[in-house]
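Comments concern the structure below.
Any read-out appearing in this document is the output of simple, stated calculations on the displayed coordinates, not a laboratory observation. These numbers come from a predicted model, not from an experiment. Glycine also receives a Cβ, built like all others from the backbone with ideal geometry; neighbour counts cover every protein chain displayed.
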Amino acid sequence: MKPSHTSSNAKLLATELSREGRNAIAYVNGNDSTDWPFELQTYRPHGYTSDRPVVIVQHGMLRNGDDYRDFWIPAADKHKLLIVAPTFSNENWPEAENYNNGRALASADKPRDVDQWTYALIAGVVADLHDSGIADREKVYLFGHSAGGQFTHRLMSSQPHAPFYAATASNSGWYTLPTFDYPFPEGLDGVGLSVDHLVRLLAYPMTILAGDQDISTDDPHLPAEPAAKRQGPHRFARSHNYFEAGKHEAQRRGVPFGWTLQTVPGIGHDGKAMSAVCASLWFDGRMPSDDEMARLAGQRVA
């Protein structure tokens, strides 16, 4: 039997998501205290029905889930998608430690159980959407950009993959490398993750989306700690480093490797453009046209 919080959240979502358009829904996870609430910034287009896909969108370090929801509205209208952007405010989830890095540590030397990390909350949202009747499908699409890309690939490194049709990490500032040679968050060591977590991650068909103009080395939001700098001078280089590290580790262990590294020409650190590219890859089955890429290029919308 599911805990009562699931029923109450499902009823809340059934009511709030019955209406078309934008919405902001206060959401409290029942496995945690009310000191850790977050918000769901949502969009339901005209014509959406419960058999249509759901896209979970993870915002960047500005904690602007409303903007990231809006970045996906053109695709939502075109393909009749439900957009849900879990939004973790700085007030309730301060600093990278509690969002990007998943609140993995209870103290400096004591990790939380993996199912209590921030990333685990997304599976609860997916279950509540299904239980609400708003979404018939038990699996969703997961997209994250910048800090949200960090969130996404660390979620896939640590949590069950069952809730996800597809996962794309876009323009991440740095990465948790698929090795136990380094402590988390630089690597997987010291927080209760196992070889099974690693092998499952390497096999998953995760997409690393990398704008080839995301090459600033003096961006004040670019992670600059030594562990991040070891992965490359900028985000584009770090995405290649992460992909190659995954390929090398899979070959070393003799296990399947399912990742794709997709370069996005002409695009820098632009959450709106990368959202459009990801939507086209998922729902049109191709990169945007040359004309559309030209319209997307040259912006900077984080």
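When each of the peptides 216-226, 273-283 is scored by the mean number of other C-beta atoms lying within 10 Å of its residues, the order from highest to lowest reads 273-283, 216-226.
Peptide packing: for 151-157, 289-295, the average count of neighbouring Cβ atoms within 10 Å per residue gives the ranking 151-157, 289-295, highest mean first. Backbone phi angles across region 92-109, fed through the Karplus curve with coefficients 6.51, -1.76 and 1.60 (θ = phi - 60°), yield HN-Hα couplings of 9, 10, x, 6, 4, 4, 8, 10, 3, 9, x, 6, 6, 10, 7, 8, 4, 10 Hz in residue order; Gly and Pro are listed as x.
Contact order, relative form, for the chain: 15 percent (alpha carbon pairs under 8 Å, 6 or more residues apart, mean separation divided by residue count).
Couplings for region 51-68, taken from phi via the Karplus curve 6.51 cos²θ - 1.76 cosθ + 1.60 with θ = phi - 60°, read 8, 7, x, 10, 10, 8, 10, 9, 6, x, 5, 6, 6, 9, x, 5, 5, 5 Hz in order; Gly and Pro are left as x. Residues within the reach of a label modelled at ALA162 (point 7 angstrom out along Cα to beta-carbon, backbone nitrogen below 14 Å), restricted to region 185-211: there are none. Run through region 59-146 and list the GluC sites (Glu not before Pro) located in a DSSP loop whose Cβ has at most 11 other Cβ atoms within 10 Å. Answer in residue order: GLU91. By DSSP, the beta bridges lying fully in the chain are antiparallel in about 40 percent of cases.
From the alpha carbon centroid of region 50-106 to that of region 184-237 is 19 Å. Length gained on full extension, SER8 to SER50, computed as 0.36 nm times the residue gap minus the Cα-Cα distance: 13.2 nm. In plain terms, the chain from ILE215 to ASP109 could stretch by 34.7 nm, reckoned as 0.36 nm per residue minus the Cα-Cα distance.
Treating each Cα of region 4-296 as an identical point scatterer and summing with the Debye formula, the log10 of I(q)/I(0) at q = 0.13 Å⁻¹ comes to -0.87.
Show me the trypsin sites (Lys or Arg not before Pro) within region 216-271 that DSSP assigns to loop and that have at most 16 other Cβ atoms within 10 Å of their Cβ. Those satisfying the criteria are ARG230. Taking each of LYS11/LYS78; LYS11/LYS80; LYS78/LYS272 in turn, the alpha-carbon distance tops 26 angstrom for LYS11/LYS78. The H on the amide N of GLY211, modeled in the peptide plane, is under 5 Å from the matching H of ASN171, VAL264, each at least 5 residues off or on a different chain. For the chain, the mean residue ellipticity at 222 nm estimated from helices alone is -10500 deg cm²/dmol, where every DSSP H run of n ≥ 4 contributes -39500 (n - 2.57) and the total is divided by all residues, rounded to the nearest 500.
Taking the charge dipole of region 4-296 about its Cα centre, with +1 at Lys and Arg Cβ atoms and -1 at Asp and Glu Cβ atoms, the residue from TYR68, ILE208, ALA106 reaching farthest to the positive side is ILE208.
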